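Let me begin by presenting the structure, written as structure tokens, before commenting on it.
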Ligand SMILES: [Zn+2]
């Protein structure tokens with residue numbers, strides 16, 4: 001029988017700034033050359049695994065850790081995710097979602113578990129995907145600088161929501177449902193989305209060229225993403241899962257989308273409706289049916305105005321509507337300002 005020792009450990013490294021409990025316990029166990037579970041059992045902690053402890057640290061468990069390390073129970077509580085709302089818990093990754101080239105690999109800050117944090121505050125560096133790809137490989141710096149404003153708005157909103165203090169309307173889950181709704185029917189890669197291929201290569205890649213790709217509202221709200229994302233990797237999961245399971249590029253686009261829609265839900269929702277086809281419009285109307293009635297009225301009013309402008313432009317110039325075009329994005333459409341909602 002293995003009796004837990006209760007004396008204070010001789011060496012206890014300080015947790016790094018914002019370090020999560022599992023990360024620090026893993027480092028501590030490594031220092032004592034033990035698997036983490038064995039180390040925790042040796043400390044007198046019966047629950048299996050550091051991950052379970054960082055969800056919610058029991059009173060007794062905090063006291064045991066405090067007596068073994070000389071730290072306070074409160075210090076441990078701040079290293080857990082107990083303040084994260086149940087609905088947002090699926091956003092927490094088991095480790096760092098993205099990497100900072102300046103940070104030590106073995107340290108996992110709490111912020112780094114969430115999909116909407118794209119900067120290392122310590123080093124003032126953009127985080128990269130775990131494979132090393134950086135957002136700068138997809139977007140020119142000038143475009144990124146503009147997107148950063150909306151990403152910042154979106155990240156603030158998402159962080160508030162995760163901590164149960166967001167009262168914005170539409171809610172974060174409603175916005176993500178909307179952004180991930182298919183506004184048009186799935187379609188194969190358009191000419192603009194296809195690489196230049198020889199006839200032989202086109203035959204060899206027939207499956208790719210004819211594979212239907214889901215077209216979600218996100219592509220209209222964040223056309224910058226539509227332009228650079230690899231076509232088969234454009235679709236994201238539905239609703240909250242989109243962020244919980246997205247890649248760095250997808251999550252950046254979703255965070256920008258949440259930021260933009262938080263700032264101007266009427267303008268962006270109307271724009272997506274305007275770019276939709278019949279079935280897509282029905283799905284979008286379903287997606288926003290839980291939004292406040294007054295907001296929906298303004299959206300439909302703006303949508304009708306966009307339709308009127310389009311009809312007038314079409315009448316004046318003979319310009320062809322997008323609904324008959326094979327372009328998945330808005331790049332073929334005339335630019336209509338998303339200024340403040342004045343009418344309707
Ligand atoms: Zn860093």
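The values are calculated or read from the model by the stated rules, or taken from the named source; none is laboratory data. Quick caveat, the model's predicted, so the values are computed rather than measured. Quick reminder, even Gly has a Cβ in these numbers, built from the backbone with ideal geometry, and neighbours come from all protein chains shown.
Things to note:
- Only one entry of 134, 124 meets the criterion of being within 14 Å of the ligand (Cβ to nearest atom), at pLDDT 90 or above and on the phi > 0 side of the Ramachandran plot, and that entry is 124.
- Residue list for the range 61-110, restricted to those being surrounded by 18 or more Cβ atoms within 10 Å (Cβ to Cβ), away from the ligand (no atom under 16 Å from the Cβ) and within 24 Å of the chain's Cα centre (by Cα): 79, 80, 81, 84, 88, 91, 92
- Where helices (runs of 4 or more DSSP H) fall wholly inside the range 15-106, no range has 2 or more residues that are touching a residue at least 12 places away in the same chain (Cβ under 8 Å) and in contact with a strand residue (DSSP E or B) (Cβ under 6 Å, 6 or more places away or on another chain).
- Residues satisfying the stated conditions in the range 219-231, i.e. farther than 24 Å from residue 270 by Cβ and touching a residue at least 40 places away in the same chain (Cβ under 8 Å): 228, 231
- Scan the range 126-181 for residues that are under 18 Å from residue 226 (Cβ atoms) and in a loop (DSSP other than H, G, I, E, B) and the total you get is 5.
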